[in-house]
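One structure below.
Values quoted throughout were computed directly from the atomic coordinates according to the rules given, and no laboratory measurement underlies them. As the structure is a computational prediction, the values presented were derived from the model and not from experiment. Positions of Cβ are backbone-derived with ideal geometry, glycine not excepted, and every protein chain shown enters the neighbour counts.
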Amino acid sequence: MNKPTSGDCTKTPGWLDWYAGPSQPAFRLPAGAVDAHCHVFGPGAEFPYAPERKYTPCDASKAQLFALRDHLGFARNVVVQATCHGADNRAMVDALQHSGGHARGVATVRRSISDAELQALHEAGVRGVRFNFVKRLVDFTPRDELLEIAARIKPLGWHVVIYFEAVDLPELWDFFTALPTTVVVDHMGRPDVSLPVDGPQFGLFLKFMREHPNVWSKVSCPERLSVTGPKALDGERSAYADVVPFARRVVEEFPDRVLWGTDWPHPNLKDHMPDDGLLVDFIPHIAPTPELQRKLLVDNPMRLYWPEEA
Ligand SMILES: O=C(O)/C=C(\CC(=O)C(=O)O)C(=O)O
């Protein structure tokens, strides 16, 4: 397949657009709930996609994100820079600046960023950087560049979000455990949920969290991890049952270091596009008590992204 060019907004073949007209969740989110992992895409005509991107998505604007937030009953968003925008954070920053203080962000930066540019991101509401190790999404960045960035964002009180696949954790372990900030893992490090929850692969991830109190996890993206479903479609309120034991284990063992997000607009799903209302109904299966729900959805994200209010 030819690499896309920056001006070409033709979606990647097979691209699935986000679900229009999501259901009303049956689960009532606690007051002040934060959707701590979501993205904006473009719109491409205003914020062109990065030349180095590995996919070209459908547009997913800030207004559409904020409409979903209100529909589902969230109060705030954490907008995570998606790889299709590379290190050009303008679409994400624009969303933060139009959120009325209800959104904070996670950026992608290169070592060439100036202190003044970092400060401007901070003032816009950025509170973290994302290091992505998923090979289908990004080209390799040298570890010394990432460590240099981590050292520079630490004084701002930011954290590092890491995205990787479970099979790569052994090789990345020394790098991750050397990071000097709070470290937030996307989607539980993408376990293979057809393996046992008590097996060595997920065991290593639990050990990573157990031995390193600075490590947090998003218990999000069951729609990406599930093998057996059922899918969050057609009124299914007990979706992705095979992911539940994994996410619930993390929530119950580390209740003060977990976050949840919709992952809207769900980039790169190949199989189906979930109904986001039914996705919210996944939450009580992994955080069964009101106390766990409050920590997951309100207390923890507020402590990390709005510490001045927490
Ligand atoms: O949205 C996610 O969290 C997951 C992604 C996309 C992504 O991370 C990105 O493009 O930045 C994926 O697995 O394709």
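At-a-glance table
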{"read-out": "Filter result (part of a loop (DSSP other than H, G, I, E, B) and either buried (at least 18 other Cβ atoms within 10 Å of the Cβ) or among the basic types (Lys, Arg) (or both)) within region 237-246", "value": "Arg237, Ala239, Tyr240, Val243"}
{"read-out": "First in region 117-142 and on the phi > 0 side of the Ramachandran plot, second anywhere and in a helix (DSSP H, G or I) and more than 16 Å from the ligand (Cβ to nearest atom), Cβ under 7 Å, 6 or more apart", "value": "Gly125/Leu96"}
{"read-out": "Filtered residues of region 119-152 (kept if away from the ligand (no atom under 16 Å from the Cβ) and in contact with a Lys or Arg (Cβ under 7 Å, 6 or more places away or on another chain))", "value": "Gly125, Arg127, Glu145, Glu148, Ile149"}
{"read-out": "Identity of the residue in region 75-87, among the aliphatic types (A, V, I, L, M) and surrounded by fewer than 23 Cβ atoms within 10 Å (Cβ to Cβ), that ends up farthest from the ligand (Cβ to nearest atom)", "value": "Ala75"}
{"read-out": "All positions within region 162-181 that are hydroxyl-bearing (Ser, Thr, Tyr), surrounded by fewer than 20 Cβ atoms within 10 Å (Cβ to Cβ) and closer than 23 Å to Tyr305 by Cβ", "value": "Thr181"}
{"read-out": "Filtered residues of region 285-297 (kept if of a type outside the set (D, E, K, R), out of contact with any strand residue (DSSP E or B) (no Cβ under 7 Å at 6 or more places or on another chain), under 14 Å from Gly32 (Cα atoms) and crowded, with 18+ Cβ neighbours inside 10 Å)", "value": "Gln293"}
{"read-out": "Filter result for the condition that a residue is farther than 22 Å from Asn77 by Cα, charged (D, E, K, R) and outside any loop (DSSP other than H, G, I, E, B), over Arg303, Arg224, Arg249, Arg294", "value": "Arg249"}
{"read-out": "Residue that is farthest from the chain's Cα centre (by Cα), among those in region 96-113 that are within 24 Å of Phe175 (Cα to Cα) and surrounded by fewer than 16 Cβ atoms within 10 Å (Cβ to Cβ)", "value": "Ser112"}
{"read-out": "Flag for Arg224 being surrounded by fewer than 22 Cβ atoms within 10 Å (Cβ to Cβ), in contact (Cβ under 8 Å) with a residue 40 or more places away in the chain, basic (Lys, Arg) and within 15 Å of the ligand (Cβ to nearest atom)", "value": "yes"}
{"read-out": "Answer from Asp263, Asp256 - the residue that is crowded, with 21+ Cβ neighbours inside 10 Å and under 30 Å from Ala151 (Cβ atoms)", "value": "Asp263"}
{"read-out": "Sole exception among (1) away from the ligand (no atom under 15 Å from the Cβ); (2) without any contact (Cβ under 8 Å) to a residue 40 or more places away in the chain; (3) surrounded by fewer than 17 Cβ atoms within 10 Å (Cβ to Cβ) for Arg90, by number", "value": "(2)"}
{"read-out": "Residue check for Leu72: more than 16 Å from the ligand (Cβ to nearest atom), surrounded by 15 or more Cβ atoms within 10 Å (Cβ to Cβ) and touching a residue at least 24 places away in the same chain (Cβ under 8 Å)", "value": "yes"}
{"read-out": "Subset of region 243-271 [in contact with a helix residue (DSSP H, G or I) (Cβ under 8 Å, 6 or more places away or on another chain), of a type outside the set (Lys, Arg) and over 21 Å from Arg69 (Cα atoms)]", "value": "Val243, Val244, Phe246, Ala247, Val250, Val251, Glu252, Glu253, Phe254, Pro255, Asp256"}
